[in-house]
Every structure is written in structure tokens, then in C-alpha cells.
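Working notes, beginning with the structure itself.
The values are calculated or read from the model by the stated rules, or taken from the named source; none is laboratory data. Since this is a predicted model, take the numbers as computed values, not measurements. As a convention, Cβ positions derive from the backbone with ideal geometry for all residues, glycine included, and neighbour counts pool all protein chains shown.
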Amino acid sequence: MSEIIDVKTQQPASSRLQVMNFLNEIAEKYPRAISFASGRPAERFFDLQSSGEHISHFIQHFAETNRLGVDAAFNRLAQYGRTNGIINSLISRQIANDEKIDCNADQVIVTAGCQEAMDLCLTTLCPDPKDVVLARTPTYIGITGVADLNGIPLVPFECTRPEEFVTELRAATVRAENQGLRPRALYLIPDFDNPTGASLPRETREEIIEFCAAKEIVVLEDNPYGLFRFEEAPIPTMFTLDRRGCVIYLGTYSKTICPALRVGYAILPERLFGKKDRSILLMDQLSQAKSFGTVNTSQLAQAIVGGVLLKENFSLAKIVSRTTQFYRTNRDTLIAALGREFGSNGRKLQWNIPAGGFFLTVTLPFEFTDKEAEICARDYEVLVMPLAFFSLNDSKHRGVRLAFSNTTSEFISEGISRFRRFVNDHQPIPA
Ligand SMILES: Cc1ncc(COP(=O)(O)O)c(C=O)c1O
């Protein structure tokens with residue numbers, strides 16, 4: 001059964017914070033290992049060389065909208081800037097086009113990557129020691145780290161089938177409440193989840209909104225991968241489906257443009273739980289927290305993003321169509337390699353086929369922890385992420401996450417062949 005992890009007293013939280021160190025260390029120690037570990041975007045599509053052009057493009061726009069000369073506009077850009085950001089209206093136009101999200105610029109706060117948005121939201125929504133965050137396990141390490149570092153307990157729940165999501169969510173909420181805790185937020189990645197690759201169907205999204213709205217639990221919808229869709233029609237974002245004012249949408253340009261920019265954002269509902277003044281208050285609190293954290297998101301980085309958005313006529317569709325094709329090919333190569341090495345899906349091992357994003361998971365017939373990860377890297381020269389690293393309790397020890405975003409077909413085929421040798425040697429599976 002899922003348990004509440006007390007970050008102040010229990011081991012898992014501190015060991016969770018070691019995960020990235022561990023992986024970086026083994027990647028450095030075994031440089032010949034083919035890596036399925038990192039969910040980095042493919043570097044071949046970065047175009048930092050055009051940054052100057054993007055900044056110039058943005059400066060013209062910035063000068064016009066602020067009635068400044070070009071030199072004054074450059075000086076304004078070089079100064080400390082507005083805490084909530086300077087490209088808010090450009091972002092709202094882009095997500096209207098690409099995600100069908102309807103919001104105005106005042107609902108947007110620009111952050112230093114989505115990571116800062118998560119940090120601001122968690123610390124602002126959970127000021128009291130009794131305030132907790134609900135999250136499905138396994139989940140993204142970034143949110144776990146923010147919660148752990150701020151001493152905010154995460155209440156995990158397990159759920160393998162979407163139909164069970166709200167039942168498990170309700171049970172976790174009741175468990176927390178029975179311990180005198182107050183669930184303030186639910187963190188989730190409805191599209192192409194990290195680490196599982198799974199997506200939530202529309203009905204589940206709607207049920208979650210109804211449940212959370214009734215309990216006044218804020219849904220933190222993190223969507224860094226939603227634009228990288230390989231098949232099927234897009235499922236509306238939870239923010240779009242939300243009529244109750246309970247969803248905060250978290251976005252980033254790390255995967256669509258490049259991570260070095262560190263530009264992300266949070267979008268607040270126009271009326272938080274039906275009340276405009278609650279939204280305004282929350283935005284003020286986020287803004288105040290940011291003003292003593294990063295002061296403002298780098299205006300230079302915002303100018304690059306702004307320039308791209310202006311150039312692309314407020315849609316990243318063209319940019320992501322090239323990258324999506326690449327990620328889809330990698331996913332197909334990976335699925336084919338798994339089939340070739342392990343037979344049909346479900347016979348010896350099981351894996352899911354994500355409809356987009358950067359990741360899939362493989363379920364193994366034996367435990368796979370940091371020990372096995374090191375053996376795999378050292379003796380078989382392939383690096384995979386134990387699913388246990390993303391676990392909020394002590395489950396998920398039989399799975400691995402395979403990232404297929406920053407690699408190539410050749411590496412994928414060879415990497416899976418090495419992984420098959422590890423699996424066979426570790427526990428021979430009958431033919
Ligand atoms: C689910 C999820 N959220 C957020 C992020 C981080 O985004 P950013 O680079 O904008 O901080 C990542 C990056 O891997 C991610 O996988």
C-alpha cells in the first residue's frame with residue numbers, strides 16, 4: 001500500500017536526491033555505455049547560432065510595444081526586469097495556437113524553466129507543515145526534489161489503469177486527511193508522462209478536475225512533452241477542460257527550443273476555484289516569492305524565446321514537426337529492437353508503446369535497482385534508469401525507464417541488444 005513519506009525523518013527522501021548524482025557518476029565512469037538514461041532533447045535541432053537574430057527581432061517588437069527607441073529598448077532589456085516576465089502575451093498567443101489554451105497575459109508568470117514554476121507553486125500552495133502534495137508514483141524527479149528540499153510531504157498513490165486514477169486519488173486524500181494533513185495540490189503529467197510515457201484519457205482528466213475542484217486541491221498540470229505527439233488526435237489539456245478554476249498549467253521551452261534558455265511558465269486559472277480575487281492573490285504570492293528567488297527570468301533568454309515566437313507567427317508547430325518525426329523514428333526503432341531481442345511484447349518482458357514524448361517503460365521479471373544499473377553500465381555498456389528512482393514508496397523495483405530522445409537508431413539497436421544480454425545473464429528467461 002502507498003504510504004506517506006515524512007521527508008524530515010525517513011530515508012527515501014534523501015536517497016531520492018542522490019539519484020541524479022548517481023547517474024551522472026556512472027555515466028562518467030563508463031563513458032562507453034550507450035545511454036537510455038537521460039531525457040534530454042536531441043541536440044541536432046538546437047539552433048543557438050540564430051540567437052542574435054531572435055533578439056533583434058524581439059527588440060523591434062519590444063521597442064514598438066513600449067514606445068522606445070532601439071537603444072533604449074536594449075538598455076531596458078539589459079536591466080533588471082519585470083518579475084512576472086516580458087513575453088507573457090507572446091506565450092499566451094503561442095499556447096492558444098498550439099495547445100488551444102485560452103488565457104490572457106495576466107494569467108502567465110514566466111519562470112526560470114518549469115523547475116522554478118514547480119518550486120514557486122509548491123512553496124506558495126503549501127506554506128503550513130500540514131500541507132501536502134498528492135502525486136502518482138512513480139513520478140518526475142524534479143517535483144520530488146522540490147518537495148523534499150522544502151520539507152513538503154508528498155502523498156503517493158499507485159495506479160496502473162486510468163479508470164482507477166480517481167479511486168486511488170480519493171483514497172490517498174482520505175489517508176492524508178485522516179493523519180491531519182491537508183492535500184493542497186496534485187502534481188501530474190497527463191501527456192506522455194515522465195517516467196512512464198503513459199497519457200491520461202479525457203474522461204479521467206475530467207473526473208480528476210471534478211474531484212479536485214470539490215476538494216479545493218490545485219492540479220499542477222506539467223506538460224513539457226505534449227507537442228511531441230506521434231499518433232492519435234490530441235487530448236485536450238486539463239487546463240482547457242477545467243471549468244472549475246482548479247488547474248495551473250506548467251510549460252517550458254526546454255524541449256521545444258532548448259534547455260539552456262531556462263524559460264518556462266505557469267498559467268493560473270482566471271478564477272481560482274471560481275474566484276477572481278483568489279487568482280489575483282495567488283499570482284501576487286507567486287510573484288513575491290519569485291522576486292526574492294530569481295528576481296526575474298533572464299530577459300536575454302526571454303528575448304530569444306520571444307524572437308522565436310514572433311518569427312514562427314506564434315506557433316511552434318513547424319519547429320516541433322521536425323523533432324517529432326525524429327523522436328517517432330527513435331520510438332519505432334526502440335519498439336522494433338525490443339521485439340527483436342525479447343520476442344513479442346508481454347511474452348518475456350512487457351513494455352508500453354507511448355503515443356508521444358521521450359520515454360517508455362519496460363517491466364522485468366526481476367528487481368532492477370542502482371546495483372543492477374551499475375552492473376549493466378560496467379559489464380554490458382548500456383545505461384538504463386531504474387524505475388525505482390522515480391518511486392515515492394518502495395514499489396516499482398522491477399521496471400526501467402528507457403529514454404529515446406537524445407540517441408540514434410544505431411545506438412538504440414546496439415543498446416537493446418546489450419540490454420538483452422544483461423537480462424539473459426541476470427536471469428535466463430525460458431525461450
Ligand atoms: C516532467 C518534466 N517537467 C519539467 C521538466 C523540466 O523542465 P525545465 O527544463 O523547464 O525546468 C522536465 C525535464 O526533464 C520534465 O521531464
- Look through Glu206, Glu232, Glu210 and report the one residue that is farther than 19 Å from Glu163 by Cα and among the acidic types (Asp, Glu). Glu232
- How many residues does segment 124-141 hold that are touching a Gly at 6+ places or on another chain (Cβ under 9 Å) and surrounded by fewer than 22 Cβ atoms within 10 Å (Cβ to Cβ)? 2
- Message: Let me spell it out: the conditions are (1) over 30 Å from Asn393 (Cβ atoms); (2) in a strand (DSSP E or B); (3) over 17 Å from the mean Cα position of the chain (by Cα), and Asp106 meets all of them except one. Which number is the exception?
- Response: (2)
- Task: Considering each of Pro195, Pro236 in turn, give the residue that is at pLDDT 95 or above, touching a Lys or Arg at 6+ places or on another chain (Cβ under 8 Å) and farther than 26 Å from Ile141 by Cβ.
- Result: Pro236
- The residue that is surrounded by the most Cβ atoms within 10 Å (Cβ to Cβ), considering only those in segment 235-263 that are of a type in the set (Gly, Ala, Ser) and near the ligand (Cβ under 10 Å from one of its atoms), is Gly251
- Message: Suppose the filter is in contact with a strand residue (DSSP E or B) (Cβ under 9 Å, 6 or more places away or on another chain), touching a residue at least 12 places away in the same chain (Cβ under 8 Å), under 21 Å from Leu309 (Cβ atoms) and not hydrophobic (A, V, I, L, M, F, W, C); does Gly197 pass it?
- Response: no
- From the list Asp119, Asp102, which residue is in the same structural domain as Glu216 (by TED's automatic domain parsing) and either of a type in the set (Val, Ile, Thr) or surrounded by 18 or more Cβ atoms within 10 Å (Cβ to Cβ) (or both)? Asp119
- When segment 208-224 is checked residue by residue, the ones that are within 16 Å of the ligand (Cβ to nearest atom) and part of a loop (DSSP other than H, G, I, E, B) are Asn223, Pro224
- Message: Could you go through segment 143-165 and let me know if any residue there is hydroxyl-bearing (Ser, Thr, Tyr) and either in contact with a Leu (Cβ under 9 Å, 6 or more places away or on another chain) or within 12 Å of the ligand (Cβ to nearest atom) (or both).
- Response: yes
